[in-house]
Amino acid sequence: MQSDEPRSASPTHQGWLRVIGLGPGDPALLAPAARAALSEAEDIIGYRTYIQLAGPFRDDQRVQDSDNRVELERARHAFQLAAAGHRVVIVSSGDPGVFAMATAVIEALEQAKDPAWSAVDLQIIPGISAAQAAAARIGAPLGHDFCTLSLSDNLKPWTVIARRLQLAAEADLVIALYNPSSHARPHQFNEALAVLSAHRKPETPVILGQSIGRAEEQVILTTLAEIDPKQVDMRTVVIIGSSQTRIIEAAEGRHWVYTPRWYPETGKNED
Ligand code: SAH
């Protein structure tokens with residue numbers, strides 16, 4: 001990693017800001033547009049772990065890693081650099097618009113009301129989100145209507161989270177849970193399971209996607225009644241099936257999970 005020292009000479013070209021998604025972690029799942037932005041960038045900003053996934057970088061590229069909790073500050077810093085003519089990339093894991101940096105960047109822009117920031121050439125480059133990457137490993141559990149919910153109550157009250165869980169469960173949506181559990185709030189995952197269990201059968205398929213696309217990747221297939229909360233941490237995305245989600249057995253004891261695109265009463269004619 002290089003230092004945070006400002007450069008002596010300001011760049012002479014037009015600056016830009018790209019907010020990119022790294023995907024789950026496997027470089028093969030990084031969009032070519034995101035790779036190109038990384039290679040053209042002069043400044044790369046983001047949370048340490050993600051920057052490590054995005055590297056290595058050249059000596060002429062300035063890497064600024066920071067703590068994950070200062071998203072708005074990071075976004076403002078990126079605009080300042082881009083408005084001064086730098087080519088800046090902000091990295092997020094997965095997709096930058098899913099519980100990640102793209103919202104902070106646009107929020108910073110809205111708050112600043114600065115014409116120089118508004119004039120910055122800004123692009124959001126999408127990435128493969130954790131739920132999509134985990135789903136693909138085991139089949140097509142997100143094949144019908146689904147929703148994503150973050151269980152983190154850092155930015156919203158738990159009462160809102162519990163209500164959304166309840167309504168999503170009642171609506172029979174497949175539910176992908178992000179930020180499912182952390183040391184700071186271990187009890188919440190159990191509370192979430194209690195809400196879901198009131199509306200779903202105990203044998204509902206559940207997928208725990210751990211560190212998808214990284215060396216430690218594990219995909220665990222279990223059920224609502226049998227989930228082991230100790231297997232769920234902040235590197236896990238949890239997919240809870242709907243009433244229609246099915247498990248099939250393939251060769252060599254392998255299991256596939258999918259949610260059909262039709263409901264029994266409608267037949268199979270949907271496009
Ligand atoms: N923007 C990211 C989500 C950031 S929120 C995305 O689109 O994937 C952080 C949460 O995402 C984690 O707590 C975890 O639930 C999930 N997550 C991110 N990367 C993951 C991965 N490689 N494997 C499993 N879950 C992951």
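Among the numbered criteria (1) β-branched (Val, Ile, Thr); (2) farther than 26 Å from Gly209 by Cα; (3) touching a strand residue (DSSP E or B) at 6+ places or on another chain (Cβ under 7 Å), which one does Ile106 miss?
It fails just one condition, (3).
Scan region 190-210 and tell me whether some residue there is touching a residue at least 60 places away in the same chain (Cβ under 8 Å), within 19 Å of the chain's Cα centre (by Cα) and open to solvent by less than 80 Å² (accessible area, probe 1.4 Å).
Looking for residues that are touching a residue at least 60 places away in the same chain (Cβ under 8 Å), within 19 Å of the chain's Cα centre (by Cα) and open to solvent by less than 80 Å² (accessible area, probe 1.4 Å), one finds at least one in region 190-210, hence yes.
Do we find a residue being in a strand (DSSP E or B), among the hydrophobic types (A, V, I, L, M, F, W, C) and within 11 Å of Thr259 (Cα to Cα) anywhere in region 132-155?
Taking every residue of region 132-155 in turn, at least one turns out to be in a strand (DSSP E or B), among the hydrophobic types (A, V, I, L, M, F, W, C) and within 11 Å of Thr259 (Cα to Cα).
Go through the residues of region 159-178 one by one and say whether even a single one is within 16 Å of the ligand (Cβ to nearest atom), of a type in the set (Gly, Ala, Ser) and under 21 Å from Asp228 (Cβ atoms).
Taking every residue of region 159-178 in turn, at least one turns out to be within 16 Å of the ligand (Cβ to nearest atom), of a type in the set (Gly, Ala, Ser) and under 21 Å from Asp228 (Cβ atoms).
Return the pair list, or none, for Cβ contacts closer than 7 Å from residues in region 104-128 that are assigned by TED's automatic domain parsing to the domain that holds Ala82 to residues that are more than 16 Å from the ligand (Cβ to nearest atom) and in a loop (DSSP other than H, G, I, E, B), at least 6 apart or on different chains.
Going by the 7 Å Cβ cut-off, the qualifying pairs are Val120/Gly15; Asp121/Gln14.
What residue, of Ile247, Ile240, Ile220, Ile212, is within 16 Å of the ligand (Cβ to nearest atom) and more than 27 Å from Ala54 (Cα to Cα)?
Going through Ile247, Ile240, Ile220, Ile212 in turn, just one is within 16 Å of the ligand (Cβ to nearest atom) and more than 27 Å from Ala54 (Cα to Cα): Ile240.
Return yes when His77 is open to solvent by 60 Å² or more (accessible area, probe 1.4 Å), more than 16 Å from the ligand (Cβ to nearest atom) and over 17 Å from Gly55 (Cα atoms) and no when it is not.
yes
For region 15-27, indicate whether the set of residues that are closer than 30 Å to Ala134 by Cβ, surrounded by 19 or more Cβ atoms within 10 Å (Cβ to Cβ) and either at pLDDT below 95 or polar (S, T, N, Q) (or both) is non-empty.
yes
The values are calculated or read from the model by the stated rules, or taken from the named source; none is laboratory data. Everything numeric in this text was worked out from a predicted model, so none of it was measured. Counting neighbours? That spans all protein chains shown, and the Cβs are built from the backbone with ideal geometry, glycine included. Protein only, heavy atoms only, side chains kept; ligands, DNA and RNA dropped before computing areas. Shrake-Rupley method; radii C 1.70, N 1.55, O 1.52, S 1.80 Å.
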